[in-house]
Amino acid sequence: MRPARGTRAAALFGLAAWLAAAAASAEPPAVEHQPVPCTVPDKALTLCANITDDGQVAKSRVYFRSAGDKFYSFVDMVFGGLNFCGTLPAPREGRVKTVEYYVQAVDDQYESTRTSTFQMAVQPTCEFPPVEKDAAKAAAITVYATHKDQGKKLSEGFQGPGVSFVPVVRR
């Protein structure tokens with residue numbers, strides 16, 4: 001027995017409405033970050049962003065590199081109750097003049113967004129440096145490579161003690 005023509009039309013209409021609602025809710029996360037103009041050398045730093053989504057934020061990261069380096073590295077950001085924060089290794093005095101960075105977020109629907117690329121000067125004095133105050137966090141930073149040519153160690157521009165570097169594995 002075939003369903004009535006009106007029943008099939010109603011089912012198709014319902015499916016179309018459901019698909020439209022699913023597509024409308026697939027918005028990428030919104031990332032609000034106030035760029036940090038400067039930091040001081042030889043101190044780990046923390047960058048935070050307010051990240052919201054119509055679903056759930058699945059991943060958030062800070063991608064960073066010394067200005068002029070070819071490849072970015074990244075640290076994962078962790079939700080701290082108000083916003084997401086990531087701790088970066090300390091830029092070495094005399095080796096890094098500027099840190100380039102951006103924040104990227106991905107939601108549970110695999111939609112992603114990122115901020116513009118920001119320039120953070122590394123200088124001896126900075127009015128409000130984003131220095132990591134928690135010694136345990138500063139001593140346990142995990143940095144991930146984004147390209148196999150980065151090798152097996154952190155860029156020379158950043159201090160390595162307390163930093164675990166995860167290279168891209170060649171296959």
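Just so it is clear, none of the values below were taken in a lab; they were calculated from the coordinates. Predicted model, so just to flag it, every value in this text is computed and none were measured. Cβ: placed from backbone, ideal geometry, glycine included. Neighbour counts: every protein chain shown.
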Review point. Taking the Cα-to-Cβ direction at Glu156 and at Val131 and moving 7 Å from each Cα, how far apart do the two end points lie in nm?
Key: 2.7
Check your understanding: When the Karplus curve 6.51 cos²θ - 1.76 cosθ + 1.60 is applied with θ = phi - 60°, which whole-Hz ³J(HN,Hα) does each residue of region 131-145 get, with x for Gly and Pro?
Key -> 5, 6, 8, 8, 4, 5, 5, 5, 8, 9, 9, 10, 10, 10, 6
**Study point:** For Val57, net neighbour charge (Lys/Arg +1, Asp/Glu -1) across residues whose Cβ lies under 10 Å away
**Key:** -2
Review point. Using r as the Cβ-Cβ distance of Gln123 and Leu82, and R0 as 30 Å, what FRET efficiency do you calculate, to the nearest 0.05?
Key: 0.60
Check your understanding: Taking Rh as the Kirkwood radius, which is the inverse of the mean 1/r over Cα pairs, what is the Rg/Rh value for region 63-142?
Key -> 0.97
Review point. Rounded if a/c is under 1.5, else prolate if a/b beats b/c, else oblate: with a ≥ b ≥ c from the C-alpha gyration tensor eigenvalues square-rooted, which is region 33-171?
Key: oblate
Check your understanding: What FRET efficiency comes out for the pair Ser164/Asp69, r = Cβ-Cβ distance, R0 = 22 Å, nearest 0.05?
Key -> 0.70
**Study point:** Loop-located trypsin sites (Lys or Arg not before Pro) in region 76-157, at most 13 other Cβ atoms within 10 Å (DSSP)
**Key:** Lys133, Lys152, Lys153
Check your understanding: Using 0.36 nm per residue, how much length does the chain from Ala58 to Thr113 gain when fully extended, once their Cα-Cα distance is taken away?
Key -> 18.6 nm
Practice item. Pop the C-beta distance of Ala140 and Arg95 into the FRET formula with R0 = 22 Å and round what comes out to the nearest 0.05. Key: 0.50
